[in-house]
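Data block below; observations after.
The values are calculated or read from the model by the stated rules, or taken from the named source; none is laboratory data. Everything numeric in this text was worked out from a predicted model, so none of it was measured. FYI the Cβ positions are ideal-geometry reconstructions off the backbone, even for glycines, and counts take in every protein chain you see.
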Amino acid sequence: MSIYLGFDSSTQSLTVTAIEVAGDRRTVVLERSVVFDEALPAYGTRHGVLASDDPLVAVAPPLMWAEALDLMMAELAAGGIDLSRVRAISGSAQQHGSVYMAQGAGARLDGLDASRPLVRLLDGCFSREVAPVWLDASTREDCRAIAGALGGDAVLARLTGSRAFERFTGPQIRKFARTEPEAYAGTERIHLVSSFLASLLAGRHAPVDPGDASGTNLMELARAQWAAPALAATADRLLCRLPEIRPSWSVVGRLSPYWQQRYGLPAARVVTWSGDNPCSLIGVGLVREGRVVVSLGTSDTVFGPMNAPRVDEGGTGHVFGAPTGAFMGLTCFTNGSLARERVRDTFGMHWREFSDALRRTPAGNHARLMLPWFVPEITPAVLDPHVHRYGLSEAGAAAHVRAVVEGQMMALARHSGWMGVTIDTIHATGGAAANNEIVQIMADVFNARVYRPEVRNSAALGAALRAWHADTVADGAPLSWDEVVALATPGERTRVDPVPAHAARYAELMPLHAACEAHALGRGPNPEPLLEELRQRWPGE
Ligand code: XUL
C-alpha cells in the first residue's frame, strides 16, 4: 500500500489531498486545508493578498506560503494517515506568481536545521520580500515593450502560447528589473510559486514544468524550453536566474532531511509541481480533447485538453503545456468568487439566501444583465474596473444575484469559442461548483451536460495523481494517463442536464451580452433598446 500527497497552494489557502494506491484500489484518504487569512493573520493578507494603494498591484508574502507548508506538515504528522507509507509528493500552485530568491539561497535550502521553524531559516533568502501574483495588472508598459520587441502580440502568442498579459511572469520580471535593478542583480533564482514550494520540499532549487512555464510569456511552446528572444526582451542575464524546464512527471529529488527529521516523513520522491489549472485537468479526469473544465474559484477559468496548440493570436486565450505532455487551452476571469461574494455581501446575504435567490428568479433574468468587473478584469481586458448593470436599477437583490452568475457564465461560454472545441460536456470544479443552482445555470448557458467530480479540490487531487504517475514511471513501470485519472472521473449520478427552454433563452441573450460588453468597453452602442425588446417578448414569470 502506497500513499501519494498532492498540495495545492492557491490564492487563499493551502490544501493537501492524500491518495492510497493498493493493488487495483485507489482511494482518497485525506483532504485538509489551511486558509491563509485565518491561520496566519500576522501577514495581514485579505483573501491571500496584501493591501495596496494601487488597485493594479497585487502581491503576497512568499514566507506565508512557506509557513503554511510547515503548518500543514505539522498537522499531517499529528495524525490521520500513516506517513511512513508516503512514496511521492507533488503539488499545484496559483499560476504566474514569482518568488525572487537572493544569491546563496539555493545552498541554504540544503541542510536546514530541523529543530527550527522554516520561516526563521528563510530569513535573508529573498531579494524581494513580496511576490506579485496573478491578480496583478500593473505591467501594461512592460507588456507593450515585450510584445513590441518581438514584432507584436501575434508573434509572441505563436512563440509562447499567449500574447503579453499583465499578470504573466515575464512582464512582472521586466517591471522588477526596471524598477529595482539592484535587487534584480542580487537575485539568484526567480521561481514560480510552484517551483518555489517544490524547492522547499527538496532542499534545492527545483525545476518548473511546461504547464506553469507557459504562463510566463517566456517559454517556446513547441520545444518546452525558454525562448531566447522573449528572455532578451524581458531582462538582462535572465536565463541563469530561471529554473530549468522539465517534464511534469520528472523527479526533483528526495524529500529533504529537514522534513524527515522534523516530522518523521520518509525519503519520499518530490515530483515537479505544476500550475493549479494544469493539475485540475488531471484532477477532474480530463486527458483527451473534446471536453472542458469550468473551474469556479478565486478566478473563474474554462480550459480543456488540446492535441495541438491552436493559439488565440490577439485575444484572451492561452495555450499552456498539459501535464500529459500535450497542450491545454485556457481563458481566465479575475472576477470569480470575489465578485459573487461582493454581490452577496452588498445585500447582506448568506450563501443559502444566495441560492434561494437563484431558485426564485427566471432563466434570462428578464433580460437584465451585469458585467461584474469589481476589480481589473483579464477577460476582456479591463484595467479601470467598473460594474456595468443593464436594466437592474429598479431590481431587487435576487435579480442582482442572478445577474452576477449569468453574466459570469455567459462570459465563460462566449470567450471559450477560440479553443475550437464543441462544448457539449463540462466537468465543473472549484468551490462554487458545489452550488446546484449555479451548476444548473452553467448547464443552461453552455447548453451542455455538466459533471461534478466528487473530490473538493481537484488541483490537489491532480497533484497527488501526478505524484503517483511520476513515481511509477521513475520505477520503470508503465502507467497510462487513462488509468491515472480513473479515480477522478465523475460518475453519471453527478450529471446535470440543461433545460432546453432555458438554453433557448440564453441563446437569444448571448449576443446581447456581447453587445453589453462592447458598449461597456466603449466599442458599441447602448444595447438597452434591444434588451427592452427581449423583455417585451419574454413571458413574465
Ligand atoms: C490562470 C490564472 C489563475 C490562477 C489562479 O491563468 O491566472 O487561474 O492560476 O490560481
> What is the number of the single condition among (1) in contact with an Asp or Glu (Cβ under 7 Å, 6 or more places away or on another chain); (2) under 27 Å from Val208 (Cα atoms); (3) part of a strand (DSSP E or B); (4) not basic (Lys, Arg) that Val294 does not meet?
Replying inline: (1)
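Let's see how each residue does on (1) under 30 Å from Pro385 (Cα atoms); (2) among the hydroxyl-bearing types (Ser, Thr, Tyr); (3) surrounded by 23 or more Cβ atoms within 10 Å (Cβ to Cβ); (4) within 23 Å of the chain's Cα centre (by Cα):
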residue	(1), (2), (3), (4)
Tyr4	no, yes, yes, yes
Leu14	yes, no, yes, yes
Ala22	no, no, no, no
Leu30	no, no, no, yes
Ala42	yes, no, no, no
Gly79	no, no, no, no
Arg85	no, no, no, no
Ile89	no, no, yes, yes
Val99	yes, no, yes, yes
>> Can you tell me which condition Gln261 does not meet? The list is (1) surrounded by fewer than 20 Cβ atoms within 10 Å (Cβ to Cβ); (2) outside any helix (DSSP H, G or I), and all the others hold.
In response: (2)
>> Please pick out the residue among Ile19, Ile81, Ile89 that is part of a loop (DSSP other than H, G, I, E, B), more than 29 Å from Arg174 (Cβ to Cβ) and in contact (Cβ under 8 Å) with a residue 40 or more places away in the chain.
In response: Ile81
>> Take residues that are closer than 18 Å to Asp136 by Cβ and within 15 Å of the ligand (Cβ to nearest atom) and tell me which of the helices (runs of 4 or more DSSP H) falling wholly in region 149-252 contain 3 or more.
In response: 169-179, 193-202
>> Quick check on Pro266: is it in contact with a Ser or Thr (Cβ under 9 Å, 6 or more places away or on another chain) and away from the ligand (no atom under 16 Å from the Cβ)?
In response: yes
>> Taking the conditions exactly as written (in contact with a His (Cβ under 9 Å, 6 or more places away or on another chain), surrounded by 15 or more Cβ atoms within 10 Å (Cβ to Cβ), at pLDDT 95 or above and assigned to a helix (DSSP H, G or I)), does Val473 satisfy them or not?
In response: no
>> For Ala503, only one of the following conditions fails: (1) over 27 Å from Leu281 (Cα atoms); (2) modelled with pLDDT of 95 or more. What is its number?
In response: (1)
>> If I filter region 56-77 down to residues being within 23 Å of the chain's Cα centre (by Cα) and not aliphatic (A, V, I, L, M), which single residue comes out as nearest to the ligand (Cβ to nearest atom)?
In response: Trp65
> Would you pick out the residues in region 481-494 that are surrounded by 11 or more Cβ atoms within 10 Å (Cβ to Cβ) and without any contact (Cβ under 8 Å) to a residue 40 or more places away in the chain?
Replying inline: Glu483
> What residue, of Val271, Val294, Val287, is away from the ligand (no atom under 16 Å from the Cβ), within 21 Å of the chain's Cα centre (by Cα), among the hydrophobic types (A, V, I, L, M, F, W, C) and buried (at least 24 other Cβ atoms within 10 Å of the Cβ)?
Replying inline: Val271
> When the residues of region 64-82 are filtered to those that are in contact with a strand residue (DSSP E or B) (Cβ under 8 Å, 6 or more places away or on another chain) and among the aliphatic types (A, V, I, L, M), which remaining residue is farthest from Trp249 (Cα to Cα)?
Replying inline: Leu71
> Mind checking which residues of region 510-541 are free of Cβ contacts under 8 Å to residues at least 40 places away in the same chain and in a loop (DSSP other than H, G, I, E, B)?
Replying inline: Gly522, Arg523, Gly524, Pro525, Asn526, Pro539
>> It is to be established whether one or more residues within region 333-349 are farther than 23 Å from Gly283 by Cα, at pLDDT 95 or above, among the hydroxyl-bearing types (Ser, Thr, Tyr) and surrounded by fewer than 19 Cβ atoms within 10 Å (Cβ to Cβ).
In response: yes
> With Val86, Val28, Val35, Val16 as the choices, which residue is within 16 Å of the ligand (Cβ to nearest atom) and modelled with pLDDT of 95 or more?
Replying inline: Val35
> When you go through (1) over 22 Å from Gly462 (Cα atoms); (2) touching a strand residue (DSSP E or B) at 6+ places or on another chain (Cβ under 6 Å); (3) among the β-branched types (Val, Ile, Thr) one by one for Val57, which number turns out not to apply?
Replying inline: (2)
> Within region 343-381, restricting attention to residues that are among the basic types (Lys, Arg) and in contact (Cβ under 8 Å) with a residue 40 or more places away in the chain, which residue is nearest to Gly407 (Cα to Cα)?
Replying inline: Arg368
>> Exactly one condition in (1) in contact (Cβ under 8 Å) with a residue 24 or more places away in the chain; (2) surrounded by fewer than 17 Cβ atoms within 10 Å (Cβ to Cβ); (3) within 19 Å of Val270 (Cα to Cα) is false for Arg108; which is it?
In response: (1)
> Only one of (1) within 11 Å of the ligand (Cβ to nearest atom); (2) surrounded by fewer than 23 Cβ atoms within 10 Å (Cβ to Cβ); (3) farther than 22 Å from Arg163 by Cβ fails for Thr316. Which number is that?
Replying inline: (3)
> So which of Phe347, Phe354, Phe374, Phe303 is within 11 Å of the ligand (Cβ to nearest atom) and aromatic (Phe, Trp, Tyr)?
Replying inline: Phe303
>> Being more than 21 Å from Tyr506 (Cα to Cα) and β-branched (Val, Ile, Thr) narrows it down to one residue among Val485, Val439; which is it?
In response: Val485
> Any chance region 383-394 includes a residue that's within 16 Å of the ligand (Cβ to nearest atom), among the β-branched types (Val, Ile, Thr) and touching a helix residue (DSSP H, G or I) at 6+ places or on another chain (Cβ under 9 Å)?
Replying inline: no
> In region 363-420, how many residues are of a type outside the set (Phe, Trp, Tyr) and in a strand (DSSP E or B)?
Replying inline: 9
> What is the one condition in (1) crowded, with 18+ Cβ neighbours inside 10 Å; (2) out of contact with any helix residue (DSSP H, G or I) (no Cβ under 6 Å at 6 or more places or on another chain); (3) not in a strand (DSSP E or B) that Glu67 does not satisfy?
Replying inline: (2)
